[in-house]
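A.B. asks: Supplied in structure tokens, the structure appears directly below.
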Amino acid sequence: MKHLLKLADLTPEEIFAILNLADQLKYERKNNIEHHYLKGKKLGMIFQKSSTRTRVSFEVGMYELGGNALFLSANDLQIGRGEPIKDTVRVLSRYLDGIMIRTFAQKDVEELAEYGSIPIINGLTDYCHPCQVLADLMTIREYKGSFKGLKLCFIGDGNNMANSLIVGGIKMGMQVAVACPQGYRPDAGVTEWASKTGSLLVTDDIDAAAKDADVVYTDVWASMGQEGEKKEREKAFKGYCVDGRVMSLAKPDALVLHCLPAHRGEEISEEVLEAHAGEIFDEAENRLHAQKAVLVKLLK
């Protein structure tokens with residue numbers, strides 16, 4: 001494991017190793033056991049998309065691991081003024097021990113890895129969100145004990161979250177069902193791979209996707225950068241709300257997960273979110289632990 005560009009690049013064994021280390025780091029943090037495994041290491045954090053959880057969790061994570069994190073806004077870097085990514089990363093590779101980037105195009109992340117000489121971490125692209133799904137998998141295992149025999153249901157836009165959840169769920173041996181409207185389906189390459197590799201249902205039938213689900217997952221209808229499509233998406237996703245009726249189709253002990261921020265009354269009802277706030281905010285916390293595990297794996 002040289003980088004974290006997308007979950008498809010990792011073997012199931014590598015994912016399990018990250019999750020096991022994340023559990024260890026969470027235990028050490030909660031018991032005030034110092035774990036300065038990255039003392040003196042420096043992480044550059046490039047943000048072309050703003051963030052709450054990504055920025056704070058990576059910055060705090062590097063601090064707790066004994067290293068330093070540098071916030072690098074795209075507006076403050078020369079890439080914001082047209083410097084090629086391949087030039088920027090060849091310079092930053094001489095200053096830093098690793099780079100985390102949160103951006104739009106997956107090709108930008110891949111180019112950083114191609115031309116740089118240090119580990120690259122995908123903090124989010126329009127194609128995938130591997131750090132979030134590692135935290136999601138960590139949370140599912142915490143609550144369910146294992147992944148064996150579980151059904152993971154995603155309801156909403158076939159976006160970066162859907163792409164990564166499909167890959168992560170299939171690699172961990174779960175059955176995955178995705179409900180989304182026509183025209184908002186997950187990446188065709190991802191669904192083709194998943195259909196050949198494991199059990200995947202992609203449908204516009206919410207009830208079929210939610211039936212007997214062990215985990216019900218949702219995300220906002222309009223992600224960052226799609227604000228101009230808000231009205232159109234509200235029409236397309238009408239009815240794609242995780243509410244009491246949908247949860248009545250899932251198993252009685254089903255988890256509800258959401259990568260946040262949540263728009264109550266749109267993709268999830270207020271009642272369902274508050275009833276499942278325990279696991280949703282455990283999931284948000286686990287971003288810190290899962291990402292610390294990735295940092296240790298890549299930078300130590």
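A.B. asks: Quick one: give the max-minus-min coordinate of the C-alpha atoms of segment 132-283 along each principal axis, largest first, in Å.
C.D. replies: For segment 132-283, the Cα extents along the three principal axes come out at 40, 35, 25 Å.
A.B. asks: How high is the relative contact order of segment 132-283, given as a whole-number percent (alpha carbon pairs under 8 Å, six or more residues apart)?
C.D. replies: 24
A.B. asks: For helix 188-197, report the angle its Cα long axis makes with the longest principal axis of the Cα atoms of the chain; keep it between 0 and 90° and round to the nearest 10°.
C.D. replies: 70
A.B. asks: Segment 1-55: percent of C-alpha pairs farther apart than 18 Å?
C.D. replies: Taking all Cα-Cα pairs of segment 1-55, the fraction more than 18 Å apart is 59 percent.
A.B. asks: A follow-up question, please. How big is the Cα convex hull of segment 29-93 in projection, averaged over all directions, in nm²?
C.D. replies: 5.1
A.B. asks: Let me ask another. To the nearest 500 deg cm²/dmol, what mean residue ellipticity at 222 nm is calculated for the chain from DSSP H runs of n ≥ 4 alone, each contributing -39,500 (n - 2.57), summed and divided by the residues?
C.D. replies: Computed ellipticity for the chain at 222 nm equals -13500 deg cm²/dmol.
A.B. asks: Sorting LEU152, LEU72 on the 10 Å Cβ count, fewest up front, what's the list?
C.D. replies: LEU72, LEU152
A.B. asks: When the C-alpha atoms of the chain are aligned to their principal axes, what extent does each axis show, in angstrom, from largest down?
C.D. replies: Answer, in whole Å and largest first: 54, 45, 37 Å.
A.B. asks: Continuing with the same structure: Find the relative contact order for the chain and round it to a whole percent, using C-alpha pairs within less than 8 Å whose residues are 6+ positions apart.
C.D. replies: 21
A.B. asks: For each of TYR37, TYR240, TYR27, count neighbouring Cβ atoms within 10 Å of the residue's Cβ, then give the residues from fewest to most.
C.D. replies: Ranking TYR37, TYR240, TYR27 by Cβ neighbours within 10 Å, fewest first, gives TYR27, TYR37, TYR240.
A.B. asks: Give the separation of the Cα centroids, segment 46-61 to segment 276-300, in Å.
C.D. replies: For segment 46-61 versus segment 276-300, the Cα centre distance is 13 Å.
A.B. asks: If you don't mind, there's one more thing I want to ask. Treating the beta-carbon of each Lys and Arg as +1 and of each Asp and Glu as -1, no other charges, what is the dipole magnitude of segment 147-259 about its Cα centre, to the nearest 20 debye?
C.D. replies: 180
A.B. asks: Let me ask you something else. Could you tell me what % of all Cα pairs in segment 219-300 have separations over 17 Å?
C.D. replies: 57
Values in this text are rule-based calculations from the coordinates and carry no lab data. Owing to the predicted nature of the structure, the values given are computational and were not obtained by experimental measurement. In this analysis, Cβ positions are derived from the backbone assuming ideal geometry, glycine residues included, and neighbour counts consider all displayed protein chains.
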